[in-house]
Amino acid sequence: MTEQIRPRTIALEASTFCQLKCPSCETAKGITHEKIGAGFLKFKDFKKLVDESPWISRIELANWGEIFLNPDILDILKYAYSKSVALTATNGSNLNTVKKEVLEALVKYKLRHITCALDGASQETYSIYRRGGNFERVIENIKTINHYKRLYKSNYPLLTWQFIAFGHNEHEIEIAEKLAKSLNMKFFIKLSWDENISSIKNTERISQATKIGVASRSEYIEKHGIDYLQKGICSQLWYSPQINWDGKVLGCCYNYWSHFGNAFESKFIDGLNNEKINYARQMLLGKVEAKEEIPCTTCGHYERMKKSGNWLTMSDLNSLRLNFEKLPYSLGRFGVWLTNRLPFLSLITQ
């Protein structure tokens, strides 16, 4: 009998809309809207899920879109706080368009963490990839959050500056890191998933700056024999399954082309444990053959695992299980846990 998955953490997309036009993003290209639908998480669906799933203690709201475009975001923040459910936007926000009352609510209702996508330290550099973005507006929004953190005497939300390294912005890494420190933000350098866009010029500099000894994802595969991020992404089917705004079970944050069913159309726990997603979990462990109808079958991560035989193992999953089971959800200790593990949490999307 297959063990029922009952994760304390889930990822629930608040919005598949985004106002920026980043050149290699599937949302900007219209692909996610075509494949999994365009829309916002409705408050009534969020409330129903929380009420019917008291075992859930943390919900990640960010994935393919910009969460602050969701018109129900204030109600979502307030209700989660009233139910002691920790909310995060660790997968990322561009923070370009946020109402002032929402900026205050982030602090008032203690959203735990935001990863802010800022690939540059100036408007000229930042806007090369984050097309349509306004660097100064983002900085002002961060300053406003910090203002409310002082006003409410709160540490939340914790803030991380995520800097995707490109050839056109690598010269601003040190400047961005200093600015992040002045804004009380952690600083994290991420490798680009599209090496054909603005390739790195000084590979040694990026290898040192990332602290992982490589300057590209292809170099990471060559060095380690597995994809950058792969095990963390695939393990989401067990420990932080991704749900679309309309209830489609995507399984992981990387999937934008298909789904495993709809968790809003049945008991939520059943949606996380249906036959299709259970089969996918066995595929990722290398225990069963691929099937055409399983989303993982056409995923690059799965294809490379199959080619190399480097499957997820129970040892991998048990190690991740220990981390997730130790996750403290109290307001005081959450920040310590999250701060210690930011490199992993900030890597789980593209």
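The values are calculated or read from the model by the stated rules, or taken from the named source; none is laboratory data. Being a predicted model, the structure only gives us computed values, none of them experimental. Note: ideal-geometry Cβ built from the backbone for every residue, glycine included; neighbour counts use all protein chains shown. Protein only, heavy atoms only, side chains kept; ligands, DNA and RNA dropped before computing areas. Shrake-Rupley method; radii C 1.70, N 1.55, O 1.52, S 1.80 Å.
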Q: Could you grab me the full set of residues in segment 255-267 that are of a type in the set (Gly, Ala, Ser), within 18 Å of Thr298 (Cα to Cα) and open to solvent by 30 Å² or more (accessible area, probe 1.4 Å)?
A: Ser258
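Results for (1) modelled with pLDDT of 95 or more; (2) over 26 Å from Thr88 (Cβ atoms), shown as yes or no for each residue.
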{"residue": "Tyr152", "(1), (2)": "yes, no"}
{"residue": "Pro157", "(1), (2)": "yes, no"}
{"residue": "Gln162", "(1), (2)": "yes, no"}
{"residue": "Ala165", "(1), (2)": "yes, no"}
{"residue": "Ser182", "(1), (2)": "yes, no"}
{"residue": "Asn196", "(1), (2)": "no, yes"}
{"residue": "Ile206", "(1), (2)": "no, yes"}
{"residue": "Val214", "(1), (2)": "no, yes"}
{"residue": "Arg217", "(1), (2)": "no, no"}
Q | Residues that are open to solvent by 20 Å² or more (accessible area, probe 1.4 Å) and among the small types (Gly, Ala, Ser), drawn from segment 210-219 | A | Gly213, Ser216, Ser218
Q: Please specify each residue of segment 70-85 satisfying the condition of being open to solvent by 20 Å² or more (accessible area, probe 1.4 Å) and under 11 Å from Leu41 (Cβ atoms).
A: Pro71, Asp72, Asp75
Q: Please verify whether segment 150-161 includes one or more residues that are basic (Lys, Arg), in contact with a Pro (Cβ under 8 Å, 6 or more places away or on another chain) and surrounded by fewer than 23 Cβ atoms within 10 Å (Cβ to Cβ).
A: no
Q: Six or more apart or on different chains, Cβ under 6 Å: which pairs go from a residue in segment 173-187 that's over 15 Å from Thr160 (Cβ atoms) to one that's hydrophobic (A, V, I, L, M, F, W, C) and modelled with pLDDT of 95 or more? Could you list them?
A: Ile175/Ala121
(Q) Quick check on segment 173-209: of everything there that is outside any loop (DSSP other than H, G, I, E, B) and open to solvent by less than 20 Å² (accessible area, probe 1.4 Å), which residue is farthest from Cys25 (Cα to Cα)? (A) Ala180
Q.
For the list (1) free of Cβ contacts under 8 Å to residues at least 60 places away in the same chain; (2) crowded, with 16+ Cβ neighbours inside 10 Å, I need the number of the one condition that Asp270 fails.
A. (2)
Q.
Considering only segment 100-113, I want to know if a residue exists there that is of a type in the set (A, V, I, L, M) and within 17 Å of Lys190 (Cβ to Cβ).
A. no
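Condition check ((1) aromatic (Phe, Trp, Tyr); (2) modelled with pLDDT of 50 or more; (3) over 21 Å from the mean Cα position of the chain (by Cα)) across all residues:
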| residue | (1), (2), (3) |
| --- | --- |
| Tyr279 | yes, yes, yes |
| Leu284 | no, yes, no |
| Lys306 | no, yes, yes |
| Asp316 | no, yes, no |
| Leu338 | no, no, no |
| Gln350 | no, no, no |
Q. Taking the stated definitions as given, is Trp64 under 25 Å from Gly132 (Cα atoms) and open to solvent by 10 Å² or more (accessible area, probe 1.4 Å)?
A. yes
Q) When you go through Lys306, Lys291 one by one, which is the residue that is out of contact with any Leu (no Cβ under 8 Å at 6 or more places or on another chain), part of a loop (DSSP other than H, G, I, E, B), over 27 Å from Phe163 (Cα atoms) and open to solvent by 40 Å² or more (accessible area, probe 1.4 Å)? A) Lys291
Q. Taking into account only those residues within segment 242-254 that are under 14 Å from the mean Cα position of the chain (by Cα) and without any contact (Cβ under 8 Å) to a residue 60 or more places away in the chain, which is most open to solvent (accessible area, probe 1.4 Å)?
A. Cys252
Q. Does Ile31 fit the bill of being crowded, with 18+ Cβ neighbours inside 10 Å and under 30 Å from Asp194 (Cα atoms)?
A. no
Q: Test Tyr279 against the criterion of being over 17 Å from Ile5 (Cβ atoms), in a helix (DSSP H, G or I), free of Cβ contacts under 8 Å to residues at least 60 places away in the same chain and open to solvent by 20 Å² or more (accessible area, probe 1.4 Å), and give yes or no.
A: no
(Q) I'd like to verify a number: residues in segment 1-22 that are open to solvent by 30 Å² or more (accessible area, probe 1.4 Å) and at pLDDT below 95, how many? (A) 6
Q) Could you count how many residues in segment 123-159 are in contact (Cβ under 8 Å) with a residue 40 or more places away in the chain, outside any loop (DSSP other than H, G, I, E, B) and farther than 24 Å from Asn202 by Cα? A) 13
Q: Quick one: Gln230 ticks every box in (1) at pLDDT below 90; (2) surrounded by fewer than 20 Cβ atoms within 10 Å (Cβ to Cβ); (3) within 19 Å of the chain's Cα centre (by Cα); (4) not aromatic (Phe, Trp, Tyr) except a single one, so which number is it?
A: (2)
